[in-house]
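> Here it is: the structure, laid out below.
The values are calculated or read from the model by the stated rules, or taken from the named source; none is laboratory data. Since we're looking at a predicted model, the values are computed, not measured. All Cβ positions, glycine included, derive from the backbone under ideal geometry; neighbour counts span all protein chains shown.
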Amino acid sequence: MNPILIERISKSYKGKKGQRIQALSELTLEVKPGEILGVLGPNGAGKSTTIKILTGQIPPDSGTVEILGAMAGSMQARSAFGYLPENPAFYDFLTPREYLHLVGAAFAMSVDRIKSESDRVLALLDLQTDSDRPLRGFSKGMVQRLGLAQALLHDPDLFIWDEPMSGLDPMGRALVKGLMLELKRRGKTIFFSTHVTADVEAVCDRVAVIVGGRLQALNDVQEILADGIEGYQVQILNPSAELAARFSASEDNGVMTELYVSREALPGFLDLASRGGEDIRLIEPRRRNLEQFFLDIVSRNQR
Ligand SMILES: Nc1ncnc2c1ncn2[C@@H]1O[C@H](COP(=O)(O)OP(=O)(O)O)[C@@H](O)[C@H]1O
Ligand SMILES: [Mg+2]
């Protein structure tokens, strides 16, 4: 069974001047068991609206969402995932441990289990030393990490996170990326939103690009990167004059020569290099990266 099944959901809001704002149009998407799927889109694309519908906070105008077979918003659906909202905020007189107790109680966990799971998630998010200090005075990054800790507490098989890396410093981002990969290794499924392509590249199996409330692309991340090979950077030790003449060097320090070989020219290059017995030290693909892929889609939609 697919953890998330989104079928043709649309949503509009009422704007300040009474006009309709179409936030989401006919979005269809399924999330497969054990995958990390990133929803990538610029500000205002409809990412948070999608997540609010999945988590049952707002109903769609039309369309349906199933979470592990249950209707979004139902008790069964809501207890099936760990949720991180965009810009989480908590009562600042509570300590992380007290807040986690509240969350655990909401999920009907026993006091013993709340205690052991709190220890586990506080360690995972590197919050042990601050676990008994009131949240007042916590940095944005610490609050964000507590948001993730509470989303992990009841150890569900599905996670729905709205911009999990936002507000984190480089160390925090690395910690969260590592955490996501570890959850995937344990068979968990993660659906998260972001506007940062590097985050998608680091952790996602698939990426859904949303612009203007519409799904514009749904791709395997490795396929995007593989399809994007434009040429190869090659390093050769003392290349022959013939080879150097045909493939102009981009760098030459007298010993190692670096060449750029386009994708089309690679067979000819390899042929020549093998006949000449060249000493190739490195052949590295140069790709159109995910950022370029994303920007192309966004600019196509703005025209
Ligand atoms: N409560 C609301 N009332 C009116 N407009 C809203 C509301 N929430 C979101 N919007 C609008 O809907 C669109 C999508 O917003 P959102 O889903 O928050 O995008 P994202 O999370 O991708 O930045 C935007 O144009 C936003 O201004
Ligand atoms: Mg948002």
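> Kindly check whether there is at least one residue in region 135-157 that is touching a Ser or Thr at 6+ places or on another chain (Cβ under 6 Å) and in the same structural domain as Glu35 (by TED's automatic domain parsing).
No, because not a single residue in region 135-157 is touching a Ser or Thr at 6+ places or on another chain (Cβ under 6 Å) and in the same structural domain as Glu35 (by TED's automatic domain parsing).
> Moving to a separate point now. Could you check, for region 111-124, whether at least one of its residues is loosely packed, with under 13 Cβ neighbours inside 10 Å and either in contact with a strand residue (DSSP E or B) (Cβ under 8 Å, 6 or more places away or on another chain) or among the β-branched types (Val, Ile, Thr) (or both)?
Among the residues of region 111-124, at least one is loosely packed, with under 13 Cβ neighbours inside 10 Å and either in contact with a strand residue (DSSP E or B) (Cβ under 8 Å, 6 or more places away or on another chain) or among the β-branched types (Val, Ile, Thr) (or both), which makes the answer yes.
> Consider only pairs whose beta carbons are under 7 Å apart and that are at least six residues apart or on different chains; among these, list those whose first residue lies in region 84-111 and is within 16 Å of ligand 1 (Cβ to nearest atom) and whose second residue is modelled with pLDDT of 95 or more and assigned to a loop (DSSP other than H, G, I, E, B).
Leu84/Pro164; Glu86/Glu163
> Just the residues that are within 13 Å of the chain's Cα centre (by Cα), touching a residue at least 40 places away in the same chain (Cβ under 8 Å) and away from ligand 2 (no atom under 16 Å from the Cβ), please, taken from region 198-217.
Once the filter is applied, which keeps residues that are within 13 Å of the chain's Cα centre (by Cα), touching a residue at least 40 places away in the same chain (Cβ under 8 Å) and away from ligand 2 (no atom under 16 Å from the Cβ), region 198-217 yields Ala198, Glu201, Val203, Cys204, Asp205, Arg206, Val207.
Here is a yes/no grid of residues against (1) in contact with a Pro (Cβ under 9 Å, 6 or more places away or on another chain); (2) not in a helix (DSSP H, G or I):
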| site | (1), (2) |
| --- | --- |
| Thr257 | yes, yes |
| Val261 | no, yes |
| Pro267 | no, no |
| Ala273 | yes, no |
| Asn301 | no, no |
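> Within region 36-52, does at least one residue satisfy the condition of being closer than 23 Å to Glu182 by Cβ, in contact with a Pro (Cβ under 8 Å, 6 or more places away or on another chain) and away from ligand 1 (no atom under 13 Å from the Cβ)?
no
> With respect to the numbered conditions (1) of a type outside the set (Phe, Trp, Tyr); (2) outside any helix (DSSP H, G or I); (3) at pLDDT 95 or above, which one is the sole condition not fulfilled by Val200?
(2)
> Scan region 169-187 and give yes if some residue there is within 16 Å of ligand 1 (Cβ to nearest atom) and either assigned by TED's automatic domain parsing to the domain that holds Gly46 or exposed (fewer than 14 other Cβ atoms within 10 Å of the Cβ) (or both), otherwise no.
Among the residues of region 169-187, not one is within 16 Å of ligand 1 (Cβ to nearest atom) and either assigned by TED's automatic domain parsing to the domain that holds Gly46 or exposed (fewer than 14 other Cβ atoms within 10 Å of the Cβ) (or both), which makes the answer no.
Here is a yes/no grid of residues against (1) of a type outside the set (Lys, Arg); (2) without any contact (Cβ under 8 Å) to a residue 12 or more places away in the chain:
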residue: Gly231; (1), (2): yes, no
residue: Val234; (1), (2): yes, no
residue: Arg246; (1), (2): no, no
residue: Val255; (1), (2): yes, no
residue: Leu266; (1), (2): yes, no
residue: Glu278; (1), (2): yes, no
residue: Arg287; (1), (2): no, no
residue: Ile297; (1), (2): yes, no
residue: Gln302; (1), (2): yes, yes
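> How many residues, within region 59-77, are within 25 Å of the chain's Cα centre (by Cα) and either buried (at least 17 other Cβ atoms within 10 Å of the Cβ) or of a type in the set (Gly, Ala, Ser) (or both)?
Here the count works out to 11.
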